[in-house]
Structure formats: C-alpha cells, structure tokens
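Working notes, structure below.
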Amino acid sequence: MKEKLSKLGINSTTPSAVNQLTTEFAEDFREGTDINLGVGYVNDKTIPADAILQAFQHIIKQPEKYRNALNYGGSEGSPNLRRSIKNYYLKYAIGELSQSDFEDRRIVIGANGATSLLDSLSDLFEPGIVITADPFYYIFTETLERKGYEILPIAEDNRGIIITELEKAIESVDIEKISFFYIVTVNNPSTVILSNDRRKAIVKLAQKLSEKTGKIIPVIFDKAYEDIIHNPAIPNPVSGIKYDKLEQVYEIGTLSKIIAPALRIGYAICPDKNIAKILIQRTSDIGFSAPLINQEISSWLLDNYIEKQKVKVNKGYQEKSTFIKKLFKEHLSEYIESYSGGDAAFYFYITLKNIPTDRDSDFFKFLSRTTETPEIDGVKEKNPRLVYIPGTICSKEPQARYQLRISYGFEENEVFVRAVKLIAEACRYSIQK
Ligand SMILES: Cc1ncc(COP(=O)(O)O)c(C=O)c1O
C-alpha cells in the first residue's frame, strides 16, 4: 500500500542531484584527507563567536529592551531586528536606499534564513515560468521545479543576465504564464555581479510585462552575497527598489554570509501589501518566527559590531581569492578556458578546455576515486577525494558540460594548494583517457 502523496511529495521522493552528491560524500568524509569544495559553507574563521557571546550577555541583561528573548517571537520578526536592518541600510547607504524607500515597505524576517522566505514565496504564486540567469542557483530552481514551475534560464555575461537574450526569450513564451523573475544579484554559482544598468533594465521590463498582462509580475532580487563584494574597485550596487514603480520588487537578504549561517536570519524588504502579509502568515505556519534569541543577537551585532565584521570578512575572502588565482595560474592555466569569480562571495566558476566535468566524466571519477583503477582510487584506502559542483547541475548551456563551481569559503589556503594540484591531475587523467 502507498500513501496518497501531493505533487510536491511525489516530486520530492528522489533526492536532488546536489543533495545526492553531498550526502554520498558526507557519509565517509575524512577530515584532513578529503577536500570539500562543493559546499556553500562560509569560512569558520569569519564567524564572530566572541561577539555573539557578548551580544547574548547584553541581551539577557537588558530584558526591558530585548523582551522575552528566549521565548516565542512574533511572526513578522523582532522589532529590534527590523529596526537594526533598516538602520544598517541607511547608515551604510546600502543599495542607496533612503528613509523614504522604507516608508511604504516592510521588513519581514523569515522563519529559517533566506531559504525559508524563498520557499514561502514559491508557495504564493500560481506555478508558471520563472525567469532567472544561467547559470542558476540550483538549490532554489530545483525546489521550484518540484513545485511545478518551469525555469527559463537566460545566459549571462560578466555584467549579469544579458538583456537582449532576455527580451528574445520573453518573445518566445506566453507572457501570461510568467510567474516571477528570480534574480541573484551576485550570482551563485558564477559570482557575476549584476550591473546597475541591468538591474534597472530588468525592473523596467517586468513593469512593461505587468502593464501588458494587467497583473503584477514580481521581481525577486536575491542579494545573499551583496554584503561580501570584497573587491573594493566594484561600484556599490543600487537596489532594484530604486526603480520600482508598480510595487513589484522584492529584495531578499541574509545575515548568513556576513555574520553566521547558523543564526538562520534572512529578511525580505517588500511592498507593504498582500504578499508581505502572506509571507508573515507562512512564517507563522512554518515555525511561529525565527528563534527570537538569534534575532536579538543579530540586532545587537548590526547595531554594535557590523562595521568591524564587514572589514574582517571581506579582507579575508579577498586575500583568499588572490591566493587561489595565483594557484590557478601556476597549475591550471593550460586546462582552463575561462573562469568567473574572485571579486565577491567565495566561488569560482570554471570552464575547462574540452574536459567534461559531469558525474559520468573521467574528471569526476578521478576526483571521487571511482575510476575502478586501484592506482588511482587507492589500494587499501581511498586516495584523497575532492568534491565540486558540476556545471550540468546549475546550467542548461552547452558548455555546462565542461564547467564546475568550486567554493573557497570553507577550506583553508593550505588545503587549496593540494586541491588545485589534484584538479590538475584530474585534468591530465581526463585528457589521457
Ligand atoms: C543565492 C542564495 N540565496 C540564498 C541562500 C540561503 O541563505 P540562508 O542561509 O539565509 O538561507 C544562499 C546560500 O548559499 C544562496 O547562495
């Protein structure tokens, strides 16, 4: 006998490609031997454990300001945290937002990071077409597909989604079926930073489509990595909200990358309309609110510590990126066609010269030690393995077959020396085969 599953239930019975990949690897991961360049973990050294402890103590000692911090919270989020996020934006001119931009908008705190807000948003709309960049944020697009959406990925160049490609793609679909735009402003996996003129063009286009169809087509900007644009030469991003005329722009942010993922604090800045109310209701449905103590800790950190934290985190990633780029030059230049990354976040998205990287490739088999050749896989024990994200998981472009995303968030520089040499060995093995 079988359960009578929902469509989402049925579609969730098989783990996603990335879920499968990381689970297989996690099962017998050997610390100090195997190398994990697949996960989106931040670098542990960037997490301000002492400041979090300090924040906790302040909160417990000030019950009149941080009320019931260890109890349930309200589903819109802690008033302290919402105020701190707004002040953080205003103080540092983030996205060039000003007081007036917040007047008819609401800040909503998610139940469990930006992920839960994205998930809630995906429950609100009639499943149809979602427009996003290629390569795409595979974790969310996969969720969307399981919920019955169709992904329309649009090629990007080094300034983000290509507007002429976007216009062409829109001409080829029934615009009535477009559910929303999902745009990652520092793209994951490519870390391409969406230029300000393209943000404007996307909002303008969505506005035109909304007017044409007579219904609002939301533009969801996921700015998960905007706090960690670490190349100082990059101009400050301007928020898509600045171009919003129809109240159709939603910004999703997170404190995961700049403070700590385990706090699970994500937020939406959205028009003060129905969708904000629905998001709040969904947060209540999922878990009443994000853990209130974490919200208050985040509020304290934003008020008292964020400046120091931002400098430290961005300096750390900038140094790491410079170090790894040098390793690429030394060991991989003959195998790499091109790569993006190094200015923001902590990923490199690499295109190899005619070396396939998908799960069935020799390159993948070499690095996962599944070639079935004992000298390569290891005789008694497996030789060091390396996990990465194959391009075919996050792109529908033909060159995806030769692409891979590696993360420099988690592993330290000394591990990267080994990692890059292993990748070079895998390239040589692949070519030889
Ligand atoms: C593009 C993007 N959006 C959202 C998230 C998730 O953020 P959170 O930790 O707040 O759930 C990530 C995490 O890696 C991400 O890469």
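Ile85 fulfils the conditions (1) surrounded by 16 or more Cβ atoms within 10 Å (Cβ to Cβ); (2) out of contact with any strand residue (DSSP E or B) (no Cβ under 6 Å at 6 or more places or on another chain); (3) not assigned by TED's automatic domain parsing to the domain that holds Tyr388 except for a single criterion, (2).
Quick check: is even one residue across the stretch 326-337 away from the ligand (no atom under 14 Å from the Cβ), farther than 28 Å from Ile193 by Cβ and among the polar types (S, T, N, Q)? Looking through the stretch 326-337, none of the residues is away from the ligand (no atom under 14 Å from the Cβ), farther than 28 Å from Ile193 by Cβ and among the polar types (S, T, N, Q).
Answer yes or no as to whether Leu144 is assigned by TED's automatic domain parsing to the domain that holds Ile265, assigned to a helix (DSSP H, G or I) and not polar (S, T, N, Q). In short, yes.
Checked against (1) without any contact (Cβ under 8 Å) to a residue 40 or more places away in the chain; (2) in contact with a strand residue (DSSP E or B) (Cβ under 7 Å, 6 or more places away or on another chain), Leu90 passes all but condition (2). Of the numbered criteria (1) modelled with pLDDT of 95 or more; (2) over 17 Å from the mean Cα position of the chain (by Cα); (3) under 21 Å from Gly32 (Cα atoms), the one Cys427 fails is (3).
When the stretch 256-269 is examined, which residues are found to be assigned to a loop (DSSP other than H, G, I, E, B) and either open to solvent by 10 Å² or more (accessible area, probe 1.4 Å) or within 10 Å of the ligand (Cβ to nearest atom) (or both)?
Ser256, Lys257, Ala260, Arg264, Ile265, listed by residue number.
If only residues of the stretch 384-405 that are assigned to a helix (DSSP H, G or I) and open to solvent by 10 Å² or more (accessible area, probe 1.4 Å) are counted, the one that is farthest from Arg418 (Cα to Cα) is Pro398. Across the stretch 97-125, the number of residues qualifying as open to solvent by 40 Å² or more (accessible area, probe 1.4 Å) and either touching a Gly at 6+ places or on another chain (Cβ under 9 Å) or under 15 Å from Ala290 (Cα atoms) (or both) comes to 3. Checked against the criteria, Ile154 counts as within 24 Å of Ile406 (Cα to Cα) and among the β-branched types (Val, Ile, Thr). Specify the residue that is nearest to Tyr149 (Cα to Cα); the eligible residues are those in the stretch 1-22 that are outside any loop (DSSP other than H, G, I, E, B) and among the polar types (S, T, N, Q). For the stretch 1-22, the residue satisfying everything is Asn11.
Screening Arg146, Arg83, Arg105, Arg67 for residues that are closer than 30 Å to Gly391 by Cα and of a type in the set (Lys, Arg) leaves exactly one candidate, Arg146.
When the stretch 199-222 is filtered for residues that are free of Cβ contacts under 8 Å to residues at least 60 places away in the same chain, closer than 25 Å to Tyr88 by Cα and crowded, with 18+ Cβ neighbours inside 10 Å, the ones remaining, listed by number, are Arg199, Val203, Val219, Phe221.
Cβ separations smaller than 9 Å between residues 6+ apart or across chains give the following pairs from the stretch 251-270 residues that are on the phi > 0 side of the Ramachandran plot to residues that are of a type outside the set (Gly, Ala, Ser) and more than 8 Å from the ligand (Cβ to nearest atom): Arg264/Pro291; Arg264/Asn294. Listed by position, the helices (runs of 4 or more DSSP H) inside the stretch 23-124 whose residues that are within 16 Å of the ligand (Cβ to nearest atom) number at least 2 are 79-91, 113-124. Name the residues in the stretch 69-81 that are open to solvent by 60 Å² or more (accessible area, probe 1.4 Å) and either hydrophobic (A, V, I, L, M, F, W, C) or closer than 16 Å to Arg264 by Cβ (or both), would you? Leu70, Tyr72 - these are the residues of the stretch 69-81 that are open to solvent by 60 Å² or more (accessible area, probe 1.4 Å) and either hydrophobic (A, V, I, L, M, F, W, C) or closer than 16 Å to Arg264 by Cβ (or both). Note on the stretch 362-371: among residues that are touching a residue at least 60 places away in the same chain (Cβ under 8 Å) and over 26 Å from the mean Cα position of the chain (by Cα), the one that is least open to solvent (accessible area, probe 1.4 Å) is Phe366. Within the span defined as the stretch 133-144, every residue fails to be within 16 Å of the ligand (Cβ to nearest atom), within 24 Å of Gly38 (Cα to Cα), touching an Asp or Glu at 6+ places or on another chain (Cβ under 6 Å) and open to solvent by 20 Å² or more (accessible area, probe 1.4 Å).
Restricting Ser239, Ser195, Ser298 to those that are over 24 Å from Gly128 (Cα atoms), more than 16 Å from the ligand (Cβ to nearest atom), in contact (Cβ under 8 Å) with a residue 40 or more places away in the chain and not β-branched (Val, Ile, Thr) reduces the list to Ser239.
Report whether or not Ala276 is in contact with a helix residue (DSSP H, G or I) (Cβ under 9 Å, 6 or more places away or on another chain), surrounded by fewer than 20 Cβ atoms within 10 Å (Cβ to Cβ), among the hydrophobic types (A, V, I, L, M, F, W, C) and in the same structural domain as Ile216 (by TED's automatic domain parsing). When the stated conditions are applied, Ala276 does not pass them.
The values are calculated or read from the model by the stated rules, or taken from the named source; none is laboratory data. As the structure is a prediction and not an experimental result, all values here were calculated from the model. Please note: Cβ atoms are built from the backbone with ideal geometry, for glycine as well, and neighbour counts cover all protein chains shown. SASA here: full protein model, heavy atoms, side chains in, ligands and nucleic acids out. Shrake-Rupley method; radii C 1.70, N 1.55, O 1.52, S 1.80 Å.
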